[in-house]
Amino acid sequence: MKLIKHKQEITQLLDDNEVILAAAKFVVEVERLHGKVPQIKVKLATELKVPLLAIAMSGRIQADHARKRLEALNGAVEYANGDRSARKRYITASQQADRLADVVAKRVERI
């Protein structure tokens with residue numbers, strides 16, 4: 001029974017990582033292209049908000065990390081849609097999320 005729960009926990013971590021990584025990739029792409037991202041990619045990034053929010057509200061190991069990635073994603077979407085003042089906001093949130101990712105990695109190593 002304990003092994004099954006452990007396996008489910010690891011599977012959940014991997015699923016969460018996919019969503020968080022997709023959000024991080026979009027933020028990096030927005031920065032690389034200086035906000036000139038195709039609208040289809042902006043739409044796909046917007047669809048990541050709900051799963052990220054679910055992870056952030058779950059209370060799991062990656063909740064804080066997902067919350068900061070969501071903040072960075074929101075800023076990057078705003079920047080891609082033309083709000084130039086959002087750039088500093090998403091860069092700061094992304095840097096904070098990177099630091100939280102290191103903390104999460106250390107916690108996951110213990111599992």
Report task. Return yes or no: is Q12 assigned to a helix (DSSP H, G or I) and in contact (Cβ under 8 Å) with a residue 40 or more places away in the chain? Result -> yes
Residues of region 56-78 being of a type in the set (V, I, T) and modelled with pLDDT of 95 or more, in sequence order, are V77
Counted residues in region 44-68 being open to solvent by less than 20 Å² (accessible area, probe 1.4 Å) and within 30 Å of R110 (Cβ to Cβ) come to 7
Looking for something within 14 Å of the chain's Cα centre (by Cα) and either modelled with pLDDT under 95 or open to solvent by less than 70 Å² (accessible area, probe 1.4 Å) (or both) - is there at least one such residue anywhere in region 103-111? yes
Does K5 count as modelled with pLDDT of 95 or more, farther than 17 Å from A105 by Cβ, open to solvent by 100 Å² or more (accessible area, probe 1.4 Å) and in a helix (DSSP H, G or I)?
no
Quick count over region 27-36, residues being assigned to a helix (DSSP H, G or I) and open to solvent by 50 Å² or more (accessible area, probe 1.4 Å), is 3
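The values are calculated or read from the model by the stated rules, or taken from the named source; none is laboratory data. Predicted model only: the values in this text are computed from it and were never measured. Ideal geometry is used to build each Cβ from the backbone, glycine not excepted, and the neighbour counts take in all protein chains shown. Accessible surface is based on the protein model in full, side chains and every heavy atom, while ligands, DNA and RNA are left aside. Shrake-Rupley method; radii C 1.70, N 1.55, O 1.52, S 1.80 Å.
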